[in-house]
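Novice: Dropping a structure here in structure tokens format, bear with me for questions.
Coordinate-derived values only; no laboratory data. This is a predicted model, so every value here is computed, not measured. Cβ atoms come from the backbone with ideal geometry, glycine included; neighbour counts cover every protein chain shown.
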């Protein structure tokens, strides 16, 4: 992981965790459905941003390293991992 990326991602994930706990309290407290759904949408968007940052980091470091290494097996492995990830995301 790139320098400085891990703390940023952990901070974002901790905030998301807090948001999810807040949603739990909202449901437990009988809050209005639209309010709960709005918060769920916010969590989903926040997770998408984390996912995007992780993917960018993977491309910038892991895949780039495989390309620079010149190791064809490692390059194929990284490409296959990425294709499988993208395939799962579209299901």
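Novice: Considering the range 18-42 alone, what residues qualify as being surrounded by fewer than 12 Cβ atoms within 10 Å (Cβ to Cβ) and not in a helix (DSSP H, G or I)?
Specialist: 29, 30, 32 - these are the residues of the range 18-42 that are surrounded by fewer than 12 Cβ atoms within 10 Å (Cβ to Cβ) and not in a helix (DSSP H, G or I).
Novice: Take the range 1-43 and flag every residue that is in contact (Cβ under 8 Å) with a residue 24 or more places away in the chain and within 29 Å of residue 61 (Cα to Cα).
Specialist: 1, 2, 5, 8, 9, 12, 13, 15, 16, 43
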